[in-house]
2 protein chains.
Amino acid sequence: MISFSSFAATVEKDTTAEKGTVKYWDASHLTLVNRIQPDAPLFQRLDETKYSGVTPTVKRYFTYSTGIAIAFRTDSRNIYARWKTKAEKPGVNMTLIAQTGLDLYIRYNGRWVFAGVGIPGHTLTHQSPIVEHMDNSLKECLLYLPLFDKVENLEIGIDKDASLEASPVPFHHKIVVVGSSITHGASAARSGMAYPARLNRSLGFEFPNLGVSGQCKLDSFLAYIVADTEADAFVFDVFSNPSPAQIEERLEKFVAIIREKHPDTPLVFLQTEVRDSGMFNRKIAKYESDKRRAAEAGIRNLKRLGYKHLYFINPAMELGDDHLATVDGVHPSDLGFERILDKLEPQLVKILHKCKID
Amino acid sequence: MISFSSFAATVEKDTTAEKGTVKYWDASHLTLVNRIQPDAPLFQRLDETKYSGVTPTVKRYFTYSTGIAIAFRTDSRNIYARWKTKAEKPGVNMTLIAQTGLDLYIRYNGRWVFAGVGIPGHTLTHQSPIVEHMDNSLKECLLYLPLFDKVENLEIGIDKDASLEASPVPFHHKIVVVGSSITHGASAARSGMAYPARLNRSLGFEFPNLGVSGQCKLDSFLAYIVADTEADAFVFDVFSNPSPAQIEERLEKFVAIIREKHPDTPLVFLQTEVRDSGMFNRKIAKYESDKRRAAEAGIRNLKRLGYKHLYFINPAMELGDDHLATVDGVHPSDLGFERILDKLEPQLVKILHKCKID
């Protein structure tokens, strides 16, 4: 075992892959899970050319692999990856591993257990061991793709004499999550730690991620996309990005567009978080409080209008009161997501159960 | 309030600083806390030229501002920063905010409460609001410097008519923590979330950070530096980086060098974590288990040799059993550090109390 320094901290690396004992396979024939729509280009969340009125930033986000995972089986003792991404400047509040890296889980005693990450370089092509020196039992694998990058291609490397095959989709039901950067995954430490991905593994449902960082402002184009998407339920983190006035003006139309196509599909709205950044900043505190009040009024209005199968979890993103659970006062760290899910997941499960989604 | 996209996720930003209402003050006259030695160059942990035998990587680490915070008082409604760092390639398993950014806490009802981060650019000079729109009461501030970068200079920006003054050191006792990347702060989301910084605030003691990522291998040069450093106690995360053989060969000499100068100072050794990366990788599992066993044998040997005031916390870094608490299988996220401290802090407090450090 040798190690190389990736500057910030040493990352474990082995040399097996360089010894010519590994064979790489194109991952495009493996099973894709957590896709929003079936006609999206490979490794993309959505076809960015399909809808009109989509802003350029959101179009770019649609080309990302956010939330998508690849399911496969292998008896290889070692798993590697080579992948190519599109140029993106590293974010300031995320790890490059979350943004551009890979995150592998293996089914073990009925649970999806973290196995290793594919470490990206500061380049467009990446090559990394993910996990090595395993036993050679047949393993069911789930590999999450980058949260904030477009994957141009992906190859899985396994031992030359090992097998690699597509798994049947290991999940049933499909809950599409629409939301802000918090849903998009900022700032999970690795892609499988974004909260939709955690729900994906813990509940055993597909949880496609339609988080569009900073851009989820109840725009009609997003409602038309949701209307056009098949799902057993939709979860909406749509009160984090819009202004109080935008919530007031847009929510009713947003829901009306969706209900036109999905008259009975459960719609679960999440109240936005109380931002740590508003602890001392009175302007942020007021603005965020106004947003939450506008969300509450908007949901009351929808119920008054007679919408059924519409749920509101409030609060939905509880970060605790010690102000230690975000990267930057806004975006939850894995500690923040853990605290959010501790409270949110049981409430969501209860709603889904009531809707016979279990 | 406008916002700008830092690619990964939107960061809150205001425009007050650009309106010419802010005055910047050189921070070098403010109070520095968590310094390892008093003669280190400004904003550096140690004078990198002072000791012989130090490897180039560790010398570079000594120039970093890791663990250091600036204490000041101000009645400004807004706090900004301009700072200059040395070129470092962003790490793959850390946020740029943790690596190169600033992290501010304000004393509120007797507790240090997170107030905001200074967002770095992908540049060598940075300018960022930290917190804005506060009331104008006099506030006691604690600003942590970057974890993995050298700060060349730093200016604090406040309202033109506001006051800024050095605080008296707001901590008593000094516990120096020597360790690996885990101590260095990989992979806290912001610099104040590294575990020594969290202990600094929660216990009210200075906790200088002598974590040297990947390089803390019980080398004699590190023992001589510890011997040369004044502290009320030392905490050692020295079993994460060395091999089992290095632990066996080096621990006794390491402690002997320190004890020569510090015959009675409490020495608290931390067992290393059980790495998530060893869940499926049997080679890592064996290697790490051998390290932990070597650490246990080494501590038994030290006790047999008659060393007093020597403590061993084992386990000391408990990440839980769900494999969700690291960025990459090795480095704890803030969730990992939270879990570590939940168990570690009470044990450490008990030891320090026994040593009359409280």
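The values are calculated or read from the model by the stated rules, or taken from the named source; none is laboratory data. The model shown is predicted, which means the values in this text are computed figures rather than measured ones. Cβ atoms come from the backbone with ideal geometry, glycine included; neighbour counts cover every protein chain shown.
Some observations on this one:
- Hey, A:Glu318 farther than 28 Å from B:Asn136 by Cα, assigned by TED's automatic domain parsing to the domain that holds A:Ile182, out of contact with any Cys (no Cβ under 7 Å at 6 or more places or on another chain) and not in a loop (DSSP other than H, G, I, E, B) or not: no
- For the range A:163-174, the criterion of a residue being more than 11 Å from every other protein chain (Cβ to nearest Cβ), β-branched (Val, Ile, Thr), over 12 Å from the mean Cα position of the chain (by Cα) and crowded, with 24+ Cβ neighbours inside 10 Å is satisfied by no position.
- Single residue of the range B:179-199 satisfying the filter (in contact with a Phe, Trp or Tyr (Cβ under 6 Å, 6 or more places away or on another chain) and not hydrophobic (A, V, I, L, M, F, W, C)) that is farthest from B:Gly214 (Cα to Cα): B:Gly192
- Filtered by the rule that a residue be surrounded by fewer than 24 Cβ atoms within 10 Å (Cβ to Cβ), within 30 Å of B:Leu102 (Cβ to Cβ) and at the interface with chain B (Cβ under 10 Å from one of its Cβ atoms), the range A:106-132 gives A:Gly121, A:His122.
- Selection within the range B:118-130 - more than 16 Å from A:Asn93 (Cβ to Cβ) and in contact with a strand residue (DSSP E or B) (Cβ under 7 Å, 6 or more places away or on another chain): B:Leu124, B:Thr125, B:Gln127
Yes/no per residue for (1) closer than 22 Å to A:Arg73 by Cα; (2) modelled with pLDDT of 95 or more:
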{"position": "A:His172", "(1), (2)": "yes, no"}
{"position": "A:Val178", "(1), (2)": "no, yes"}
{"position": "A:Leu199", "(1), (2)": "yes, yes"}
{"position": "A:Gly211", "(1), (2)": "no, yes"}
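- Qualifying residue in the range B:71-84 (condition: crowded, with 22+ Cβ neighbours inside 10 Å, away from chain A (no Cβ under 11 Å) and not in a strand (DSSP E or B)): yes
- Lone unmet requirement of (1) surrounded by fewer than 23 Cβ atoms within 10 Å (Cβ to Cβ); (2) closer than 29 Å to B:Val58 by Cβ; (3) acidic (Asp, Glu) for B:Asp159: (2)
- Against the criterion of being modelled with pLDDT of 95 or more, within 18 Å of the chain's Cα centre (by Cα) and within 12 Å of chain A (Cβ to nearest Cβ), B:Leu147 qualifies.
- Residues of the range A:200-214 classified as surrounded by fewer than 22 Cβ atoms within 10 Å (Cβ to Cβ) and within 13 Å of chain B (Cβ to nearest Cβ), total: 1
- Between B:Ile225, B:Ile284, the distinction of being β-branched (Val, Ile, Thr), within 14 Å of chain A (Cβ to nearest Cβ) and crowded, with 23+ Cβ neighbours inside 10 Å belongs to B:Ile284 only.
- For the range A:250-270, the criterion of being buried (at least 17 other Cβ atoms within 10 Å of the Cβ), in a helix (DSSP H, G or I) and over 26 Å from the mean Cα position of the chain (by Cα) is satisfied by no residue at all.
- Evaluating B:Thr21 against the criteria (1) at pLDDT below 95; (2) within 14 Å of chain A (Cβ to nearest Cβ) leaves one unmet condition, (2).
- Residue check, A:Ser65 surrounded by fewer than 21 Cβ atoms within 10 Å (Cβ to Cβ) and of a type outside the set (Phe, Trp, Tyr): no
- Residues of the range B:187-223 satisfying the condition of being under 30 Å from B:Glu249 (Cβ atoms) and part of a loop (DSSP other than H, G, I, E, B): B:Ser187, B:Ala194, B:Phe207, B:Pro208, B:Val212, B:Ser213, B:Gly214, B:Gln215, B:Cys216, B:Lys217, B:Leu218, B:Asp219
- Subset of the range B:224-249 [assigned to a helix (DSSP H, G or I), closer than 21 Å to B:Tyr51 by Cβ and either within 22 Å of the chain's Cα centre (by Cα) or among the β-branched types (Val, Ile, Thr) (or both)]: B:Tyr224, B:Ile225, B:Val226, B:Ala227
- Residue in the range B:331-347 that is of a type in the set (A, V, I, L, M) and away from chain A (no Cβ under 12 Å) present: yes
- As a summary of the residue check, A:Gly91 satisfies the conditions (1) within 14 Å of chain B (Cβ to nearest Cβ); (2) in a helix (DSSP H, G or I) except for the one numbered (2).
- Residue check for B:Ser191: of a type in the set (Ser, Thr, Tyr), over 10 Å from the mean Cα position of the chain (by Cα) and within 14 Å of chain A (Cβ to nearest Cβ): no
- Checked against the criteria, A:Pro56 counts as away from chain B (no Cβ under 11 Å) and either surrounded by fewer than 18 Cβ atoms within 10 Å (Cβ to Cβ) or at pLDDT below 95 (or both).
- Only listed residue being modelled with pLDDT of 95 or more, within 16 Å of the chain's Cα centre (by Cα) and of a type in the set (S, T, N, Q), chosen from B:Thr95, B:Thr74: B:Thr95
- Qualifying positions in the range B:232-249 - surrounded by fewer than 24 Cβ atoms within 10 Å (Cβ to Cβ) and farther than 17 Å from B:Arg292 by Cβ: B:Asp232, B:Ala233, B:Phe234
- All of (1) part of a helix (DSSP H, G or I); (2) surrounded by fewer than 18 Cβ atoms within 10 Å (Cβ to Cβ); (3) not charged (D, E, K, R) hold for A:Val274 with one exception: (1).
- Taking the listed residues A:Asp135, A:Asp103, the one that is within 14 Å of chain B (Cβ to nearest Cβ), not β-branched (Val, Ile, Thr) and not in a strand (DSSP E or B) is A:Asp135, with no other qualifying.
- Criterion applied to A:Leu324, A:Leu348, A:Leu335, A:Leu319 was being of a type in the set (A, V, I, L, M), crowded, with 17+ Cβ neighbours inside 10 Å and in contact with a Pro (Cβ under 9 Å, 6 or more places away or on another chain), and the one residue passing it is A:Leu319.
- Residue within the range B:302-312 that is touching a residue at least 24 places away in the same chain (Cβ under 8 Å) and exposed (fewer than 14 other Cβ atoms within 10 Å of the Cβ) present: yes
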